[in-house]
Structures are given as structure tokens and as C-alpha cells.
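Just so you know, all these numbers are worked out from the coordinates, no wet-lab data involved. None of the values given here were measured: they were computed from a predicted structure. Reconstructed Cβ throughout: ideal geometry from the backbone, glycine too, with neighbour counts over all protein chains shown.
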Amino acid sequence: MKTTEIFTSQLPVGEKLSIKRTRFEPLNKKGKNLKRISIVSGIHGDELEGQLVIYLLAKWLNENIEKLNAIVDIYPAINPLGIDTITRSFPGYDIDLNRAFPGSENEFLPGQVVHALAQDIKGSDIAIDIHSSNIFLREIPQIRINKQFSKETLPLAKQLNCDFIWIHDAVTVLEATFSHTLNLLGTKTLVVEMGVGMRLTKEYGDQLLIGILNLMKKQKMIDCTEKFEIRKPFSSEKGEVFYINAPKSGLFVPSLDHCEIIEKNQKIGEIVNPLTGEVLSELFAPNGGILFTLREYPVVYEGSLLARIFGEKCEEN
Ligand SMILES: [Zn+2]
């Protein structure tokens, strides 16, 4: 195990911006033509679930290094200034790093950071970029992939022990993202979205760790006799995503504790008025399926997103 700075820059008052990577290599296999997997988190400074997953993976590797057949690079904190200040974007520039790729050496500081990251990961066989929503929405562990690259990435996504795979159309692809840049460079790149901003969800961390180990086993990156129990994810190829938005402003009180498989017309929650004791609106599922997004932050305004459900398309007229 070796920790290296992949990017460093002097800050105004004698401090230093430093982005680090730790590399795990197999014992006694140096110099061989090894596969490489890179795991990234903290591109958004207010998202911490990925740091837990990376910690769990590093701990597993420390305890099982003799099983490793590949190079594992971990990058837990791509936006350390953001993490230190509980800020999603890159402080001082107000730039979303996941809209600044591919960047270059001659750009402003955020552009240099993303360029250094892409150059360091380039050549990896697989990359996984872990995000954790925001403080407003809870996401069940899910994978977002672009249709353009889905032939390569979908089979990998199915091994990651997530509940849902959301395949986005080529027209909605954001070209300035980490995943688009790395996929273009030939690294099969998956984006995981799970949990809530500024929080850790232990069960989700454990779930994704199993998925990463399963993927690495299937790729022969680890020698493991253990059989991992993997969830069969819903995939957006065969259905439709339904959005539930707030019809009124108020306090959203969910009827469900967490994301789960629900039935049509099942109650999702209500919007209430604390000033008068009235229920302003009751929300019901327009379709059965998996509720993969649920409002976490209770204050809502007309139009706020409350939930997303993926389900088989309704045949009714
Ligand atoms: Zn994010």
C-alpha cells in the first residue's frame, strides 16, 4: 500500500491543496501485466457515502492482500477543500468539478485538478465514481450509465449489488463529467449514486463493498472462494421512471421509512401545514415498482421532487 499526491497546488496563505491516491498492489507480482481498477469519491465535497465504501474496501484489502491479483487505486477525496467546508462545489471558484472535465494543465485550478485526476486514472480497466445525492433526497444504491457506453458498462453494473440501473439517453449525456471523459479514454466507468448528502448509511456501504468485491472476483482481480450474494437490479431498459412532485408547499411527512418495492396507489406521504394542523395533500404511487428516490429534507415547495419510482409501464388508457 502506497499513498501518493496526484495533484498539489500552493494556496494563498502558505497552505497547500493536495489530492491523494492510495495504491494496493499484489504481493510478488510487480511488473506483470496487471489489470487496474480505480475507485473515486468526493468529487462533490458534501457527499461522504463514497468515503465509507472506500474505507471498507481499503480495510478489506489490508486484511486480504494475498488475494489481490490486480492494482487497486483509491481516491477518496477529489475535492478536499469542499469536504473541509461542507461545500459541494470547488470553494473559491463555485465550480462543480463534475462539470469541469476533461480540464487541462493550463486552465484555472478546478480544471487542473480534474485533468490531473483523468490523467492518473487513464489506462485503468474499470473506474467507479461514487456519489451520494444531496441533503434533500435519499437514493437507494443505484448505477447511472449512459446509453452510448452501455454495451461495455451494463454487464459490469449488474455485478455491483445495487438495486437499480438507470440508463440515460445519449441526448441527455453530460460531456463534462468524470464518467464521460474516462469512458472516452477507454476505461469502463460506472457512476454509483446512493444515500444522502452529508451523511453515511452503513448498510449501503456494506452493500456496495460486496458489489465491488464481487465485480473484482468476476474480473479475476481477486482470488476468492467466498460466494457473494448479489441483488438482481431493476434496469430502466424495460420500464419507465415516474416522478412525484409536491403539489403544495409545506412539510413533507413520509409514510415509508426507506426506499422499497411498492404497489400502485400505496401511500408515499403527506404534505402538512404545521400552523393549522391541516393535511394539504396526500401522495400516492402512480405505479407499482421500486421507489428508488425519497425526499429526505422535509421542507418542500410546490414542484419539489418527493419521490421517483421505476416500474413497468402502465397499460391502462
Ligand atoms: Zn455527486
Dipole of the chain [Lys/Arg +1, Asp/Glu -1 at C-beta], most positive-end residue of Thr3, Phe136, Ile43: Thr3
What size of dipole, in debye to the nearest 20, comes out for the range 167-287 about its Cα centre when the only charges are +1 on Lys and Arg C-beta atoms and -1 on Asp and Glu C-beta atoms? 420
Quick calc, Lys267 & Leu184: beta-carbon distance into FRET formula, R0 41 Å, rounding 0.05, result 0.40
Rounded to the nearest 10 degrees, the helix 109-121 long axis (Cα) sits at an angle to the longest Cα principal axis of the chain of 70
Sort 306-312, 254-260 by the packing proxy (mean of other Cβ within 10 Å over each peptide's residues), most packed first. 306-312, 254-260
The range 239-311 - charge dipole about Cα centre, Lys and Arg +1 at Cβ, Asp and Glu -1, debye rounded to 20: 100
Pairing the Cα long axis of helix 49-63 with the longest principal axis of the chain, what angle in degrees results, from 0 to 90 and rounded to the nearest 10? 40
Between Glu15 and Arg199, what length comes free when the chain is fully extended (0.36 nm per residue of separation minus the Cα-Cα distance, one decimal in nm)? 63.5 nm
Using the Cα gyration tensor of the range 1-60, with a ≥ b ≥ c the square roots of its eigenvalues, what is the shape: rounded (a/c below 1.5), prolate (a/b larger than b/c) or oblate (neither)? oblate
For Ile165, other-chain or 5+-apart residues with amide H closer than 5 Å (H placed, Pro excluded) are Ile143, Phe234, Ser235, Ser236
Between His168 and Glu302, what length in nm is gained on full extension when 0.36 nm per residue of separation is reduced by their alpha carbon distance? 45.6 nm
Cross-link candidates for Lys264: which lysines have Cα within less than 19 Å, leaving aside residues fewer than 8 places away along the same chain? Lys238, Lys313
At 7 Å along the Cα-to-beta-carbon direction for both Lys238 and Ile65, put a label point, then send me their distance in nm to one decimal. 4.4
The chain, Gaussian network, Cα under 10 Å: of Val40, Val279, Val192, the residue fluctuating most is Val279
Tilt relative to the chain, helix 202-218 - C-alpha long axis, 0 to 90 degrees, to 10: 50
Roughly how many debye, to the nearest 20, is the charge dipole of the chain about its Cα centre, given +1 on each Lys and Arg Cβ, -1 on each Asp and Glu Cβ, and no other charges? 1340
With only helices counted (DSSP H, runs n ≥ 4, each -39500 (n - 2.57)), the per-residue ellipticity at 222 nm for the chain, to the nearest 500, works out to -6000 deg cm²/dmol
Between Met1 and Glu260, how many nm apart are label points set 7 Å from Cα along the C-beta direction? 3.8
